[in-house]
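The values are calculated or read from the model by the stated rules, or taken from the named source; none is laboratory data. Not measured: the values here are computed from a predicted model. When we count neighbours, we look across all protein chains shown, and the Cβ atoms used for this are built from the backbone with ideal geometry, even at glycine.
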């Protein structure tokens, strides 16, 4: 089968490799659309601490079931599916309490095992969700990032009565904007890049200029109160530290961004009690794919409309382009067989 393989930092190639064989409990999925995520770019640039090379990347996968592993019950061949890439061990404490996204022995498709930048990928049948009728493969490939937005909004208990500030208007920030808006919330977004902020505005957020003076601008917008919900999607320590000043007393902070291992942040201790603020982490998603697919199918998520489709043969060129300028594309999806 054809695959795009990361051989090491800065090295990706197209090659013919043996097709995977699904084990018991797994399905073989023919990939029709594979989304390029910041995590894949980190693999290409050598910034992902968990990956080993060589590796077939991609964890944003839509396709069709080709075959089931031996003795496996699951969606029959021909079923269109998306792949939830987080595979829990099922026995550790997080898995036992329904948080397999935080599994102590986590395996991620496209990081710890071969992913979707290929014609075929194997995945557990329990990690497959059916694609709604009328949804294209290209659109379905957005289920994973949208599910992250669903998880973040669930963690923050975002509802129609809320006003939300999203820090960062990259792919995950835009997913947060659209999911929060679908719940009826009023949404503000901020980013240092004007073009990203313009995209957030196109998707219905009220833009707020980022950088110096952000806290003052937000306090001005809210009559000095701060935002009821602040959602951080930049991964920048300074942005994380600013959340305590941006949030209203009694409000909620949801941190989705990732800093490098060992990186600390400082928050003013008095405000934990003075503001009685709730600070929540949000990692990937758990059981959020059905809601994400329904939102995309309903038209509530418009982000696929500004993404770019490529053939998998263009992967080396696309990765090189994004490594030079991460904002060169809003989003790239490698499409193989579109329905």
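Below are the figures for this structure:
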quantity	calculated
Candidates 51, 131, 125, 146 - the one that is within 17 Å of the chain's Cα centre (by Cα) and either touching a residue at least 12 places away in the same chain (Cβ under 8 Å) or surrounded by fewer than 23 Cβ atoms within 10 Å (Cβ to Cβ) (or both)	146
Members of the range 93-110 found to be touching a strand residue (DSSP E or B) at 6+ places or on another chain (Cβ under 6 Å) and at positive phi, listed by number	none
Options 317, 276; residue that is assigned to a helix (DSSP H, G or I) and either in contact with a strand residue (DSSP E or B) (Cβ under 9 Å, 6 or more places away or on another chain) or not assigned by TED's automatic domain parsing to the domain that holds residue 239 (or both)	317
Verdict on residue 69 being crowded, with 17+ Cβ neighbours inside 10 Å, free of Cβ contacts under 8 Å to residues at least 24 places away in the same chain and over 15 Å from the mean Cα position of the chain (by Cα)	no
In the range 240-258, the residues that are within 17 Å of residue 214 (Cα to Cα) and under 19 Å from the mean Cα position of the chain (by Cα)	240, 253
Lone qualifier among 184, 223 - being modelled with pLDDT of 95 or more, within 23 Å of residue 291 (Cα to Cα) and surrounded by fewer than 16 Cβ atoms within 10 Å (Cβ to Cβ)	184
Leading residue by the ranking (surrounded by the fewest Cβ atoms within 10 Å (Cβ to Cβ)) among those in the range 279-296 that are touching a helix residue (DSSP H, G or I) at 6+ places or on another chain (Cβ under 8 Å) and assigned to a helix (DSSP H, G or I)	291
Residue match in the range 106-122 (condition: under 19 Å from residue 297 (Cβ atoms) and surrounded by fewer than 22 Cβ atoms within 10 Å (Cβ to Cβ))	no
Matching residues in the range 72-81 - criterion: being surrounded by fewer than 18 Cβ atoms within 10 Å (Cβ to Cβ) and either part of a strand (DSSP E or B) or touching a helix residue (DSSP H, G or I) at 6+ places or on another chain (Cβ under 9 Å) (or both)	72, 73, 75
Any hit, the range 51-65, residues being more than 23 Å from residue 313 (Cα to Cα) and in contact with a helix residue (DSSP H, G or I) (Cβ under 9 Å, 6 or more places away or on another chain)	no
Count of the range 243-263 residues which are farther than 19 Å from residue 158 by Cα and at pLDDT 95 or above	1
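Quick grid of which residues meet (1) at negative phi; (2) part of a strand (DSSP E or B); (3) crowded, with 19+ Cβ neighbours inside 10 Å; (4) modelled with pLDDT under 95:
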| residue | (1), (2), (3), (4) |
| --- | --- |
| 12 | yes, yes, yes, no |
| 15 | yes, yes, no, no |
| 19 | yes, no, no, no |
| 22 | yes, no, yes, no |
| 27 | yes, yes, yes, no |
| 33 | yes, yes, yes, no |
